[in-house]
Structures are given as C-alpha cells and as structure tokens.
C-alpha cells in the first residue's frame, strides 16, 4: 500500500479519523494507518458496528483502533462524535452516499448533499 512508503509522515503520537471505514477504501486506509501504529478512530454508522470494525482492525493490524458511531447525515451525531475526540491531527473524510431518490436528512438537507458535504 502507498501509505507504507511514507511511514515518517505518520507517527504514533498522531490521531487520525477515518470516516466510512466499515468497508472498502475506508477500511483499507484505517488498516494501513493502524499498522503504522497511529491512533486511528473510525466513524461508522451504528455503535455496535463501529466497535466490531475497530476490533477487527485492531486485531489484524496489532494497532490502536477506536470505533464510534457517526452518521454524517445527522448534525447532532457529528457533534457527539466530535466531542469524543480529544485530539485530531488528520481527517480522512471517506464516507459518502449516492442516492437515486430525493430524500431529506433529519436536518432538512437533501440526503446526498447533507451526508457528503
């Protein structure tokens, strides 16, 4: 992975948040960062799922991964997530949705815009 070519950029003292880390690119990114021994916080919809993914990533990487619920379409969820983080050095904002039907978020925004922006 490309991240492993630049281990000096990431340090053990850094905290990195990765959103959308339940699968795919987000999961692979969180895994590689955890292998570099950075403190990784994954933001995933559903607390149980976030904790399960964090445990899987920690086990596979032998790293420090914490999982918190984060629903980017809900501003109160974003605020609660942010309150749990005492330090943030790098944000990898990977989460996103692409919906066919026009739906609104809890906050009244169009759901694709409300989640992705």
How far apart, in nm, are two points set 7 Å out from the Cα along the Cα-to-Cβ line at residue 91 and at residue 62?
3.3
Quick one: grab the alpha carbon gyration tensor of the range 11-116, order the square roots of its eigenvalues as a ≥ b ≥ c, and give me rounded if a/c is under 1.5, else prolate or oblate depending on whether a/b is larger than b/c.
prolate
Additional length obtainable on full extension of the chain from residue 107 to residue 76, 0.36 nm per residue less Cα span:
10.3 nm
Can you give me the distance in nm between label points at residue 51 and residue 84, each placed 7 Å from the Cα along the Cα-to-Cβ direction?
1.0
Remind me, relative contact order of the range 11-116 in percent, using alpha carbon pairs under 8 angstrom and six or more residues apart?
28
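Each reported figure results from applying straightforward, stated rules to the coordinates on display, with no laboratory input. Note that this is a predicted model, so its numbers are computed, not measured. Glycine gets a Cβ as well: all are built from the backbone with ideal geometry, and neighbour counts include every protein chain shown.
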